[in-house]
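*Asks:* Take a look at the following structure, please.
The values are calculated or read from the model by the stated rules, or taken from the named source; none is laboratory data. Here the structure is a predicted model, which is why all the values come from computation and not from measurement. As a convention, Cβ positions derive from the backbone with ideal geometry for all residues, glycine included, and neighbour counts pool all protein chains shown.
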Amino acid sequence: MPLEVVLITDCGSTTTKAILIEKKPEGYRQTFRGEAPTTVEAPFEDVTRGVLNAIG
């Protein structure tokens, strides 16, 4: 079964970026792009927070 939705994240040293790719009738299309500051240092020390902020 082909994928319907793909979420891709890039957790860099200063910025976390996320894109959403969805299957449409004409093929796969990027439908969303977001970014937020990376949260790997104090006080957060949790990269997940940056990912959640990037996807909004």
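Residue-by-condition table, conditions (1) assigned to a strand (DSSP E or B); (2) β-branched (Val, Ile, Thr); (3) at positive phi; (4) exposed (fewer than 15 other Cβ atoms within 10 Å of the Cβ):
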residue	(1), (2), (3), (4)
8	yes, yes, no, yes
13	no, no, no, yes
16	yes, yes, no, no
19	yes, yes, no, no
31	yes, yes, no, yes
36	yes, no, no, no
40	no, yes, no, no
44	no, no, no, yes
50	no, no, no, no
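*Asks:* Can you name every residue in the range 3-24 that is in contact with an Asp or Glu (Cβ under 8 Å, 6 or more places away or on another chain) and within 10 Å of residue 38 (Cα to Cα)?
*Replies:* Passing the criteria: 15, 16, 17.
*Asks:* Six or more apart or on different chains, Cβ under 9 Å: which pairs go from a residue in the range 21-45 that's within 13 Å of residue 2 (Cβ to Cβ) to one that's modelled with pLDDT of 85 or more and among the hydroxyl-bearing types (Ser, Thr, Tyr)? Could you list them?
*Replies:* 21/28; 21/31; 22/28; 22/31; 24/31
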